[in-house]
1. For a quick check of your reading of the model, give me the residue pairs whose first member lies in segment 1-28 and is in the same structural domain as MET105 (by TED's automatic domain parsing), whose second is at pLDDT 95 or above and not acidic (Asp, Glu), with beta-carbon atoms closer than 7 Å and at least 6 apart or on different chains.
2. Give the residue that is modelled with the lowest pLDDT, with candidates limited to residues of segment 150-181 that are within 18 Å of MET104 (Cβ to Cβ) and of a type in the set (A, V, I, L, M, F, W, C).
3. Check segment 27-43 and report whether any residue there is at pLDDT 95 or above and closer than 28 Å to ILE130 by Cβ.
4. For residues that are among the β-branched types (Val, Ile, Thr) and in a loop (DSSP other than H, G, I, E, B), scanning just segment 1-46, find the one that is nearest to the chain's Cα centre (by Cα).
5. Conditions: (1) small (Gly, Ala, Ser); (2) over 25 Å from ARG94 (Cα atoms); (3) surrounded by 14 or more Cβ atoms within 10 Å (Cβ to Cβ). GLY26 meets all but one. Number of the miss?
6. I'd like to check something: does segment 52-69 contain any residue that is touching a helix residue (DSSP H, G or I) at 6+ places or on another chain (Cβ under 7 Å) and surrounded by fewer than 13 Cβ atoms within 10 Å (Cβ to Cβ)?
7. May I ask you to verify whether GLU49 is in a helix (DSSP H, G or I), in contact (Cβ under 8 Å) with a residue 60 or more places away in the chain and farther than 17 Å from GLY96 by Cβ?
8. Taking into account only those residues within segment 102-149 that are β-branched (Val, Ile, Thr) and within 20 Å of PHE68 (Cβ to Cβ), which is surrounded by the fewest Cβ atoms within 10 Å (Cβ to Cβ)?
Amino acid sequence: MEKSLRETIIETADRLFYQHGIHAVGINRLIEESGVSKDSFYRNFRSKESLIEAYVRARHEAAMQNFFKVVALHNTPRDQISAIFSDLADRVQRHGFRGCAFIMMLAEYSDVPSLATLAREHKEKLRTEIEAICSRFSDRSAHTARILCVLYEGFLSRSTVTRTPDDRKALLETVESIIRN
């Protein structure tokens, strides 16, 4: 099925915003690289801020689709948690990884309440899904999920600066020690 103009613009924004930063990418560049007219752009988005909101929502949807896909490949809750972190360790190794898109957006737009809310909602959704999985093997699922999420976020942050096999190994060993005890 052919993509709509709106989807094309959001995909272009996703690539450019993640690669260059949101402030660094102007409307004219988005229009040019999307291959749409200025009128088409403004029919779909009333402002750059509305495009940023759509971009963040699309990022959230893609992240959660990937999360559920990874979880669905494994039967036991401990294996599901292990797989989530193994997937994270794989994703940070990909060419072009620059860090968490939600944190990057917040670094530029923390003063825009609607965008800050979207980032918080994403992080909270991730935590609640991890907690739901943990509840199937831990009496302290909320505590376990919080520890795992801090580990997740810390690894994302560290991977922005350095990505070594030792970091991956330490991440996965730490996850195993948390979920097996």
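The values are calculated or read from the model by the stated rules, or taken from the named source; none is laboratory data. Quantities reported herein were computed from a predicted structural model and do not represent experimental measurements. For neighbour counting, all protein chains shown are included, and Cβ atoms are generated from backbone atoms with ideal geometry for every residue, glycine included.
1. none
2. VAL161
3. no
4. ILE22
5. Of the numbered conditions (1) small (Gly, Ala, Ser); (2) over 25 Å from ARG94 (Cα atoms); (3) surrounded by 14 or more Cβ atoms within 10 Å (Cβ to Cβ), the odd one out for GLY26 is (3).
6. Among the residues of segment 52-69, not one is touching a helix residue (DSSP H, G or I) at 6+ places or on another chain (Cβ under 7 Å) and surrounded by fewer than 13 Cβ atoms within 10 Å (Cβ to Cβ), which makes the answer no.
7. When the stated conditions are applied, GLU49 passes them.
8. THR128
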